[in-house]
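What follows is a short report on a single structure.
The values are calculated or read from the model by the stated rules, or taken from the named source; none is laboratory data. Being a predicted model, the structure only gives us computed values, none of them experimental. All Cβ positions, even for glycine, are placed from backbone atoms using ideal geometry, and neighbour counts span all protein chains on display. Only protein heavy atoms, including side chains, enter the accessible area calculation; ligands, DNA and RNA are left aside. Shrake-Rupley method; radii C 1.70, N 1.55, O 1.52, S 1.80 Å.
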Amino acid sequence: MAERKIAVVFIHGLFSSAKTWDKIKHLLESDREMHPSEFRIDFKCFEYNSPKFKINPLRRIPNHGDIAEALKSYIEIECDEYDVVIVVTHSQGGLVLQRYLQKMLNDGRGLDLQRIKKVIMFACPNSGSELFLLARRWIFFFFPHSQAKALGTLNDAISEAQRKVVHNIVRASSISATECRIPIIAYFGSTDNIVRPVSAVGLFVDTGSMPGDHFSIIQPTDRESLVYKTVKKNLLTACRDLGNSEITENAADIEGGTDSDEDEQADSHWAFAWAADDASDSLNNVVAGAVSFAKSVQPERGIFSLRVDGNATPDGTEYEKFSTIDAVRQSRISIIITDDLANSEHCLRLLRATAEAEKPVFVFSRQDLPYESKMEILSTSPALVETFICDSSKIGEEISRILLTAGSKSDFFLGKGSGEVRKAGEE
């Protein structure tokens, strides 16, 4: 078998440079285990301009979009000869990478992302940095800095890029022009007071904690450091997965490859749990109407709803009573309709249960959510949360859209008779 070439690309953070990776690069390059005979692993650094101050009036500080464009060129040119690319980022570097992935998908170039097999992010300010919140309001008014200003909390451009990456990269079910599945793991520093855990985790599901503050988290002292062992394990795992995928592909070519009828059947049935802070019949009718509409458009897909409050009973059946967390575990997604999440007990119960079950949750509000509710959402990671602001007449339409596009695996099979339901896998 020919030697496979793997490029590990390091991306530094704000006010930093490629030198920030010197320690970990030296340890990796001198580690014999990082040079297996069947692979050639090269360690590279993507460096961009991130000065503390703008001195030359004829030059501007590049923003995240500019840097993402430069990263695109770097991967296309500097990594052209490599079969596989693995990316390791620190702080703002993770935001740059997400902007690059977003741009590639927006340009219909999802197929070109297939070479990227793993992303490891350290202390990425997915929800902004509290350190720059005050600076964004005052200091940057007099001394503008496009990169640092963007790190203020709840930045719209950062949030939009993250949602695109979570939906079309992390949760991608296929490889196409608009999506490409890439495993992404997000680590936070246990003593980091610049990027708090809730921001470093963001909407990502695969997460972990590393000892150290915002800077020491990527500065291993030796090969016994946890951060070094973590990076090494992720890199070697990606190499092994690459070898296993070759074996699988060859076996599939020999056998001709077949599609499973059972998988196709499982993809056609799923369920969701929902809660609202208004117990009126009008909201019940909104959800019921959305379910009916989704079923009428895609009758082959069984859609099964669970109303979640103190206990939840599958609609129209005496099948079984569920506690909130059990109801969420039995469902593919959760939907919350609320105007003030932080003051709605059963909506919060569903949100927290969804976070525990690591399922996606969609929050609908008829007005902008209060600050406390937004903070409550951010504190629920690692749940995948998406918020929508729309009036009552549009909520049912949006829920219908989600029901038609989200979820795939089987939770319940609906029987032909009225109220007949059984769990997936039961005879």
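General observations
- Every condition in (1) modelled with pLDDT under 70; (2) surrounded by 13 or more Cβ atoms within 10 Å (Cβ to Cβ) is met by Asp253 except one, and the failing one is (2).
- Condition met for Glu69 (touching a residue at least 24 places away in the same chain (Cβ under 8 Å) and among the acidic types (Asp, Glu)): yes
Conditions tested, residue by residue: (1) part of a loop (DSSP other than H, G, I, E, B); (2) surrounded by fewer than 20 Cβ atoms within 10 Å (Cβ to Cβ); (3) not β-branched (Val, Ile, Thr).
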residue	(1), (2), (3)
Tyr187	no, no, yes
Asn193	yes, yes, yes
Val198	no, yes, no
Val205	yes, yes, no
Ser209	no, yes, yes
Gly212	yes, no, yes
Thr230	no, yes, no
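- Conditions (1) open to solvent by 20 Å² or more (accessible area, probe 1.4 Å); (2) in a loop (DSSP other than H, G, I, E, B); number of the one not met by Gly13: (1)
- Meets criteria (over 24 Å from Lys23 (Cα atoms) and surrounded by fewer than 18 Cβ atoms within 10 Å (Cβ to Cβ)) for Ser216: no
- Annotation note: Cβ proximity below 9 Å between a residue of segment 169-195 that is among the aromatic types (Phe, Trp, Tyr) and a residue that is open to solvent by less than 30 Å² (accessible area, probe 1.4 Å) and part of a strand (DSSP E or B) (sequence gap 6+ or interchain) occurs for Tyr187/Ile120; Tyr187/Met121; Tyr187/Phe122; Tyr187/Gly208; Tyr187/Met210; Phe188/Phe122; Phe188/Gly208; Phe188/Met210.
- Restricted to segment 18-131, the set of helices (runs of 4 or more DSSP H) holding at least 3 residues that are buried (at least 21 other Cβ atoms within 10 Å of the Cβ) and in contact with a strand residue (DSSP E or B) (Cβ under 8 Å, 6 or more places away or on another chain) comprises 92-106.
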